[in-house]
Each structure stands twice: as structure tokens, then as C-alpha cells.
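*Asks:* Before anything else, here's the structure in question.
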Amino acid sequence: MKGLWITFEGIGGSGKSTQVGLLYGYLKKHLLNVVSTKEPGGTILGGSLRNILVNNLEVSPERLSELFLFEADRHETFKKIVEPNIRVGIITISDRGIDGSIAYQGFGRGLNVDMINTLTNLATDNKKPDLTILVDLAPEIAQERIAQRDNKNLDKFDLEEIEFQKRVRTGFLFAARNDPGRIKIVDGKKEVEPLHKDIVEIIDTFLMKVEYKG
């Protein structure tokens, strides 16, 4: 049996990373073969790229450079984590995936979406995630949540102005409209546990549909 590739998307402060951890725990509890990763930073090279792209506030790549670095990280993640796991029947859950570049570099930075799709297809050998959970949340609420974080947990994208965050959210919703079979939208305003239950329902239905046995 082939494995599955499940990604989580959403603007900063949406709560997607918390939900990634909860879903990972849920699937492990049910004795399914599952691993968790993230973009950027899921591989050794990705860790260095994450420092450049997300953590180091003193480094500001040009828009196209930023896109290329994200795609390089994506290719590493796909070839070294996702693809090998698919071959041996393991579920890979990723905190962010291909739709993040459409939202952040496309709608957020203003780069051409068709160009981004071309580069992403190269990075993933034309493979898309089997399922994507989009945790949707208004940027105003997300910023209130981010303001309560410790400074060490902030990244460059969290610090972008609210108009940027609005464009990014629009980008995610654009991706969902164009691929509704893959991308399922959940309400990020909900509390952690009710939201987790919504996601579990989507996942259980999906696993039954594809007849994944684990």
C-alpha cells in the first residue's frame, strides 16, 4: 500500500501547528504509520534554509530568491521524506506545503502564480498532497494571538503588516477554490479541541475513502 501526504496550511496564528501535533498524536494512538515534518526545515538542509527564510530577521531575500529557497527546501523534503514514506506506506503530515508559496510568495509578495506552480511541480515531481487542511482565520484575530506569543516564537512572516496577511489569506482561499477536492477548510476561530474533532472527522472520512489500512 502506498503512503499518504497530508499538509496543513493557514496564516500565522491560525493554530495549524497545534493541530498538526494533535493529529499526529491521534494517528499514532490508532497505530497508524505516520511521521511529521514541516516546510521549511524538515531536512538537514531545510534547517539552514529555515534560519534564512523564517528565523533570521537580519536577512531579507529578494522576492524571487525567497521563492527559490522555499522550492529548494520543498524539493529536499519531498525527495528525502515524503516520497520515501509514500513508497513504504507511511503517512506524512507536513506543517505547510505547496499552497504556502501561492499564498505567501504569490498573493503576499506579488509573484506570478503560474511561475510558482511550475517551480513547485518541478520540486515535487508533479505530485500534490493527497489532502490539505486549511485552518482559516481572519488576520485580525491571528494578530491578537501572535501578540501573546514570546518573542522567541515569532518569525519574519508573523511580523508582516496586516495587509500582507490579508493577501496571504486570500491566496489560501484562492487555492482552496481551485482544488476543493484536496483542500478542506476548517474554522480557525474554534477552540483547540473542537477544531481537532472537526479535523479528525475529515481525516477519518478520507482514510476510509482511500481505504488506507496503515
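*Asks:* Taking 7 Å along the Cα-to-C-beta vector as the label spot, tell me the Asp114-Glu193 distance in nanometres, rounded to one decimal.
*Replies:* 5.0
*Asks:* Please state the charge dipole magnitude for the chain, taken about the Cα centre, from unit charges on C-beta atoms (+1 on K and R, -1 on D and E), reported in debye and rounded to the nearest 20.
*Replies:* 600
*Asks:* Hey, could you pull the Cα Rg and Dmax for the range 55-210, both in Å?
*Replies:* Answer for the range 55-210, Rg first and Dmax second: 16.3, 47 Å.
*Asks:* State the Kirkwood hydrodynamic radius of the range 73-146 in Å, one decimal place, computed from all pairs of distinct Cα atoms.
*Replies:* So the Kirkwood estimate lands at 13.9 Å.
*Asks:* In the calculated pair distance distribution of the range 137-214, what percentage of Cα-Cα distances lie above 20 Å?
*Replies:* 51
*Asks:* Please name whichever of Ser14, Phe164, Gly41 sits farthest to the positive end of the charge dipole of the range 4-210, dipole taken about the Cα centre and charges placed at Cβ: Lys and Arg +1, Asp and Glu -1.
*Replies:* Gly41
*Asks:* Any idea what the relative contact order of the chain is, in percent, if you count C-alpha pairs under 8 Å spaced at least 6 apart?
*Replies:* It comes to 32 percent, rounded to a whole number.
*Asks:* Run the numbers for Val54 and Glu144: contour at 0.36 nm per residue of separation, minus the present Cα-Cα distance, in nm.
*Replies:* Contour length minus the Cα-Cα distance gives 30.4 nm.
*Asks:* Taking N as the number of residues in the range 1-51, what value does Rg over Cα atoms divided by 2.2 N^0.38 Å take?
*Replies:* 1.29
Only the coordinates and a few stated rules stand behind these numbers; no lab work does. Treat the numbers as computed from the prediction; the structure is a model and nothing was measured. Cβ atoms come from the backbone with ideal geometry, glycine included; neighbour counts cover every protein chain shown.
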